[in-house]
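Throughout, read-outs are computed from the coordinates displayed, never taken from laboratory work. Only a predicted model underlies this, so the values are computations on that prediction, with no experimental measurement involved. For neighbour counting, all protein chains shown are included, and Cβ atoms are generated from backbone atoms with ideal geometry for every residue, glycine included.
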Amino acid sequence: MVRILTLRDRRMLGGVLIFTSACLLITMLFSPNLNEPISFRGRRTGMTAVSEYGRLLRRNGTVHRRPMPSFRDNLWPDKKYITSWAAEGWANEQIGFANLIWIGKLTDRIVILDGLQPQNWRMKGGDTLWFGDFFDLDYLSGKLGVPILEWRDVKDPRAEYVDSVGCWSSWSLTNDQHRPRGDLKSLDAFSLDVGYTRFPGWARLRDSDVSSNIFKIAQIDTYDGYRDSTWNNVSFESTISKKWMLPDQHLFCIDYLFCSSILHDWDAYDSPHAPSWRQIGQHMRWRADKVKLAQSYLRKAFGLRSSQPIPEFIAMHVRRTDFAHWCDQGVPLLDCLPQPHAFSRRVDEIQAEIYERHGKNVTHVLMVSDDPDPVLEWAQKNGKDWRLVDHEVEKTSEVHGGWYPAGLDAIFLSMASGIVRTRTSTYSLVSAHRVETWNDGPQRQVAWGRKNADDH
């Protein structure tokens, strides 16, 4: 039987609709806007965090809501997650993060990236650097088909609540101290009480003492792998409560992943064909706003107006100062460290190869260095017009933040048509791979450690 609405019924229904619309309007006007970035400052470390939680929620449904006092309240029970802690500097952690994301892809887990603390780059102060501050996480996640979060998306660092979690230790398996990695500032920053279980011996890369096997780490995530790995294995009491914990199966966490590979020790980025670079690293692209900022610095370095295009250039990464302690005893410092004339010769080789491969005569040269004065002095004496972005003069750290010199320099290097790098520097190595893969540019390395080490 169909009931016909009376005039009184229609008036009541209209009143309900008006009331509901008014409530929705008030909610939209006065509730926090999930489309707007949320900023907060951590109490213990002075970390600054900005993340677009509304966009994350709508994009992949990886977390319940905004950062919570306990990270467990923010993780979906029907999804699985993976994380590791940052203990290295700028370049090494990019390799570690690439390994983490690769394992996340292999195990079908949502990745949670840690932040880099100022201490990791020998800075005396400053904020935490988040991967998403410089890299385009939306692009990376979409390209790989792997949801990627950061710890600032999951847990509020201002909270006093201590989360306990059992993790795996790769470091205790592959270093001579046989202990979990200890210099992990994020554990304190996010009030995490972590207990470790050592990776089983079969997770090593063959008989290696320094690397773990990425595929075998992923195997631990299976039922049989977890059971076999936790049975009668070495465990370490937790960092705060001093309790013993089994590794968490909802959040697969690992203390250290820089020393992980699949072929041989340190193969993660040893060539542009290295699996970790090909699978993950090459897709770690810069944020557009950071590229624009880097371009403004480059125009100034080359004496250009804001409307003028940046010329093609060859980049040199000259790393010297912090390699001094690696010099052999009895070798004079000036003979040991990378020599300016060696970089000049390598630049000439790069210029010739670019001309041969692309028919371009690239004459502009940009130098990035932790010890630029001796190199610039040599260049001026020998008529070389090498350019430098001097971050001390530009006050880059004061204006933008302590991590910006390292971040902007990496973007400068990635824009080059060819690159000369310093041997054994992972910062140089990653930069060279970007030039080779992104720009089809040649690269050379300068050897050091003894007198005339780069003669050839």
Practice problem: Just order 171-183, 396-408, 300-312 by mean Cβ neighbour count inside 10 Å, highest at the front, would you? | Solution: 396-408, 171-183, 300-312
Quiz item: What are the residues whose amide H is under 5 Å from the amide H of Ser260, where those residues sit 5 or more places off or on another chain and H is modelled from the backbone?
Solution: Ser212
Quiz prompt | Length released on extending from Asp78 to Asn452, taking residue separation times 0.36 nm less the Cα-Cα span | solution = 128.6 nm
Quiz prompt | Amide H within-cut-off set for Cys253, under 5 Å, with H built and near neighbours excluded | solution = Thr83, Trp168, Asp248
Self-check item: Inter-label distance, nm, simple model (7 Å from Cα along the C-beta direction), Val162/Asp390
Solution: 5.0 nm
Exercise. Please work out the FRET efficiency for the pair Lys242 and Arg345, using the Cβ-Cβ distance as r and a Förster radius of 41 Å; give the result to the nearest 0.05.
Key: 0.10
Self-check item: Rounded to whole Hz, the Karplus (6.51, -1.76, 1.60) HN-Hα couplings of the stretch 77-88, x for glycine and proline
Solution: x, 8, 10, 10, 10, 9, 8, 8, 9, 8, 10, 10
Exercise. Figure the gain on full extension for Asn361 and Trp378 (residue separation times 0.36 nm, minus the Cα-Cα span) and round it to one decimal in nm.
Key: 3.8 nm
Quiz prompt | Using θ = phi - 60° and Karplus 6.51 cos²θ - 1.76 cosθ + 1.60, couplings along the stretch 310-320 (whole Hz; Gly, Pro as x) | solution = 7, x, 5, 8, 9, 10, 10, 9, 9, 9, 9
Quiz item: Where in the stretch 141-166 does the label zone of Ser70 land, with the point 7 angstrom along Cα→C-beta and an amide N cut-off under 17 Å?
Solution: 154-166
Quiz item: Straight-line reach from Lys300: which aspartates and glutamates have a Cα under 12 Å away, not including same-chain ones fewer than 8 places off?
Solution: Asp390, Glu394
Quiz item: What lysines sit close enough to Lys216 to cross-link, taking a C-alpha to C-alpha distance under 19 Å and skipping anything fewer than 8 places away on the same chain?
Solution: Lys80, Lys105
Quiz item: Is the stretch 288-446 best put as rounded, prolate or oblate by its Cα gyration tensor, with a ≥ b ≥ c the root eigenvalues, rounded for a/c under 1.5, and otherwise prolate when a/b is larger than b/c, oblate when not?
Solution: oblate
Quiz prompt | Distance in nm between pseudo-label sites at Cys327 and Arg206 (7 Å out along the Cβ direction from Cα) | solution = 3.5 nm
